[in-house]
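Worksheet for the structure shown next.
The values are calculated or read from the model by the stated rules, or taken from the named source; none is laboratory data. Only a predicted model underlies this, so the values are computations on that prediction, with no experimental measurement involved. Neighbour counts are summed over all protein chains in view; Cβ atoms, including those assigned to glycine, are modelled from backbone coordinates with ideal geometry.
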Amino acid sequence: MFKTNLPIYLASKSPRRRKLLKQIGLKFKSFSVNLHEEMLDGEHPVQTVKRLALHKSQEAIKKVNDGIVITADTIVVLNQTIIGKPKNEKDAFNILKSLSGKTHSVYTGFVVVNKKNNKKIIDYEKTEVTFNKLRDKEIKDYIASGSPMDKAGAYGIQDDFGAVFIKSIDGCYYNVVGLPLSKLYISLFKVL
């Protein structure tokens, strides 16, 4: 188990990320940083998620006096196109329809900063996710639940109906949820 006397902060409004940190026994406080997540044309997804997580980190460390701050950003990529959170229900439908029967990549960039000693880890994880062929009614029923509206790629692999859309994954499951737990856990020790 990771133990430190330093306070730990998760700068994210994602309930899934909070749940993941609790799962590995971390005691932490959470708050959100409000940033416009700008996508840059031609930027590789790895650079995008690392840049966004770093930008969040730079804002988040201004809000704390001391401790370890964790930030992250997750995107879905299909055919070199970055897919963020859906803008509305029609967008969610189009996103899920485009993912149907195909393999896409999920990238999460994360930053762990120890404000006391200024040690910082910037890293990422990539997972390949293959969807089953989806019927329009399944997509519409899922959208009606409201679940896809706050998730990159308009679906959640964890604890909701979105889980049945997935045929297979290659890589870290927790990355698809929102944080690559194993890499993040190792990074916590590296910033002490």
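Where strands (runs of 3 or more DSSP E) sit wholly within the stretch 1-83, those with at least 2 residues that are in contact (Cβ under 8 Å) with a residue 60 or more places away in the chain occupy 8-11, 68-78. Name the residue that is nearest to the chain's Cα centre (by Cα), counting only residues in the stretch 152-192 that are assigned to a helix (DSSP H, G or I) and of a type in the set (D, E, K, R). Going through the qualifying residues, I end up with Lys183. Note on the stretch 129-151: residues that are in a strand (DSSP E or B) and under 18 Å from the mean Cα position of the chain (by Cα) total 2.
Screening Ile68 against (1) within 18 Å of the chain's Cα centre (by Cα); (2) of a type in the set (A, V, I, L, M, F, W, C); (3) crowded, with 20+ Cβ neighbours inside 10 Å leaves a single unmet condition, (1). Checked against the criteria, Asp150 does not count as surrounded by fewer than 17 Cβ atoms within 10 Å (Cβ to Cβ), in contact (Cβ under 8 Å) with a residue 24 or more places away in the chain and either of a type in the set (Lys, Arg) or under 23 Å from Ile24 (Cα atoms) (or both). Selection over the stretch 160-172 of residues that are surrounded by 15 or more Cβ atoms within 10 Å (Cβ to Cβ) and either modelled with pLDDT of 95 or more or aromatic (Phe, Trp, Tyr) (or both) gives a count of 5. Scanning the stretch 5-35 for residues that are within 26 Å of Pro148 (Cα to Cα) and among the polar types (S, T, N, Q), we see that the one that is surrounded by the most Cβ atoms within 10 Å (Cβ to Cβ) is Ser12.
Kindly check whether there is at least one residue in the stretch 115-128 that is within 21 Å of Glu89 (Cα to Cα) and either touching a residue at least 60 places away in the same chain (Cβ under 8 Å) or outside any loop (DSSP other than H, G, I, E, B) (or both).
Among the residues of the stretch 115-128, not one is within 21 Å of Glu89 (Cα to Cα) and either touching a residue at least 60 places away in the same chain (Cβ under 8 Å) or outside any loop (DSSP other than H, G, I, E, B) (or both), which makes the answer no.
Here Tyr107 fulfils each of the conditions (1) part of a strand (DSSP E or B); (2) out of contact with any Pro (no Cβ under 7 Å at 6 or more places or on another chain) apart from (2). Under the condition of being surrounded by fewer than 17 Cβ atoms within 10 Å (Cβ to Cβ) and polar (S, T, N, Q), the residues counted in the stretch 36-65 number 3.
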